[in-house]
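> Handing you a structure now.
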Amino acid sequence: MMESPYEELRNQFAVVDLMQNAVSSSKTADFTALASDIKRWGSELGFQQVGIAGCELGEAETRLLDWLSKGYHGEMEYMQRHGTKRARPADLVPGTLRVIAARLNYLPPAAQDRLLDTITELSAPGSRIALESVPNVNPEDHEKAIERMRDASERWRDHGFDLDFAELVYLGDRNEAAAYLGDHGWELTRNSVKELFAANGLPWIDEKEEGAGNFGELQYVSGVLNGARR
């Protein structure tokens, strides 16, 4: 039986959870070496980045409570229901000493399709969906796309944000998410960033200008599931 993308990710994060337990339970470990091992294990599992952080979040808790008091969480009532546990990891999981975070840039193509299939199967007719979608890049334009991402990375590094955006772009064969959903019973509406600017009375940013980002291919998509499945 083929695993769902949720199970694939759950299996990977289960290993990360075991690594976290190793940190909290060890009394005599060389923690510098252990931290290096954890990051290496994460890389071997397919994660692009693994970070280890402390649990002292006093200033962050103050900002969180202020953010919640202003209602910025909208309909995400669970954020308020959890109270201060989001800023006090040891209250959420007793004995927590460090927090390990692992990053995946994107789902593999087959896992993406299974995720979209699962969403469709669990959705009742009339359900709504919203997503960000980027059509596949022509193979002839791959180098140009990577160069554009690296240019954007350099601009962000000038502001202290060190991330290679080229690592976030998947240029292999895959189904475009919106097109895939459209073939599986969803009635979709697409809007380019330029169209959204116009709809909100904002001037379009000339992508040829220095420092301007490239939004040409990016689309924001919303849709409703038909009553009859295809």
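The values are calculated or read from the model by the stated rules, or taken from the named source; none is laboratory data. Computed from a predicted structure; not experimentally measured. FYI the Cβ positions are ideal-geometry reconstructions off the backbone, even for glycines, and counts take in every protein chain you see.
> With respect to Ala29, determine if the residue is over 29 Å from Ile119 (Cα atoms), at pLDDT 85 or above and either surrounded by fewer than 14 Cβ atoms within 10 Å (Cβ to Cβ) or not acidic (Asp, Glu) (or both). Break it down stepwise before answering.
Working: over 29 Å from Ile119 (Cα atoms): yes; at pLDDT 85 or above: no; either surrounded by fewer than 14 Cβ atoms within 10 Å (Cβ to Cβ) or not acidic (Asp, Glu) (or both): yes.
The answer is no for Ala29.
> Follow-up. Looking at Arg88, Arg103, Arg148, Arg98, can you tell me which residue is in contact (Cβ under 8 Å) with a residue 12 or more places away in the chain and exposed (fewer than 14 other Cβ atoms within 10 Å of the Cβ)? Please lay out each step first, then the result.
Values: Arg88 fails: exposed (fewer than 14 other Cβ atoms within 10 Å of the Cβ); Arg148 fails: exposed (fewer than 14 other Cβ atoms within 10 Å of the Cβ); Arg98 fails: exposed (fewer than 14 other Cβ atoms within 10 Å of the Cβ).
Exactly one of Arg88, Arg103, Arg148, Arg98 is in contact (Cβ under 8 Å) with a residue 12 or more places away in the chain and exposed (fewer than 14 other Cβ atoms within 10 Å of the Cβ), namely Arg103.
> Continuing with the same structure: Just to be sure before I move on: is Glu143 closer than 19 Å to Tyr220 by Cβ and among the charged types (D, E, K, R) in the structure I sent?
Judged against the criteria, Glu143 is not a match.
> Looking only at residues in region 110-126 that are surrounded by 14 or more Cβ atoms within 10 Å (Cβ to Cβ) and not β-branched (Val, Ile, Thr), which one is farthest from Gly227 (Cα to Cα)? If you could, list the steps in order and put the result at the bottom.
So the first thing to find is which residues in region 110-126 are surrounded by 14 or more Cβ atoms within 10 Å (Cβ to Cβ), and the list is 111-117, 119-120, 123.
Now drop any that are not not β-branched (Val, Ile, Thr), which leaves 111-117, 123.
On the way: Ala111: 25, Gln112: 23, Asp113: 21, Arg114: 21, Leu115: 20, Leu116: 17, Asp117: 16, Ser123: 10 Å.
Residue satisfying both the conditions and the ranking: Ala111.
For (1) at pLDDT 85 or above; (2) farther than 30 Å from Thr120 by Cβ, each residue gets a yes or a no:
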residue: Met1; (1), (2): no, no
residue: Asp17; (1), (2): no, no
residue: Ala53; (1), (2): yes, yes
residue: Gly58; (1), (2): no, yes
residue: Leu64; (1), (2): yes, yes
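> Next up: Scan region 30-50 for residues that are in a helix (DSSP H, G or I) and in contact (Cβ under 8 Å) with a residue 24 or more places away in the chain and report the count.
Residues in region 30-50 being in a helix (DSSP H, G or I) and in contact (Cβ under 8 Å) with a residue 24 or more places away in the chain: 3 in total.
> Working carefully through the options Asn175, Asn214, find the one that is outside any helix (DSSP H, G or I) and modelled with pLDDT of 85 or more.
Values: Asn214 fails: modelled with pLDDT of 85 or more.
Matching residue, one of Asn175, Asn214: Asn175.
> Return the pairs, sorted by first residue and then second, in which the second residue is acidic (Asp, Glu) and surrounded by 12 or more Cβ atoms within 10 Å (Cβ to Cβ), the first residue lies in region 155-182 and is within 21 Å of Tyr220 (Cα to Cα), the beta carbons are less than 7 Å apart, and the residues are 6+ apart or on different chains.
Asn175/Asp113; Tyr180/Asp113
> Based on this model, can you work out whether Arg40 counts as within 30 Å of Glu167 (Cα to Cα), at pLDDT 80 or above and of a type outside the set (A, V, I, L, M, F, W, C)?
Details: within 30 Å of Glu167 (Cα to Cα): yes; at pLDDT 80 or above: yes; of a type outside the set (A, V, I, L, M, F, W, C): yes.
Spelling it out, Arg40 is indeed within 30 Å of Glu167 (Cα to Cα), at pLDDT 80 or above and of a type outside the set (A, V, I, L, M, F, W, C).
> Can you find a residue that is surrounded by 12 or more Cβ atoms within 10 Å (Cβ to Cβ) and closer than 30 Å to Leu34 by Cα anywhere in region 192-200?
no
> Same structure again: Grab the helices (runs of 4 or more DSSP H) fully contained in region 57-142, keeping just those with 1 or more residues being of a type in the set (Ser, Thr, Tyr), under 19 Å from the mean Cα position of the chain (by Cα) and in the same structural domain as Asp183 (by TED's automatic domain parsing).
Ranges flagged: 109-122.
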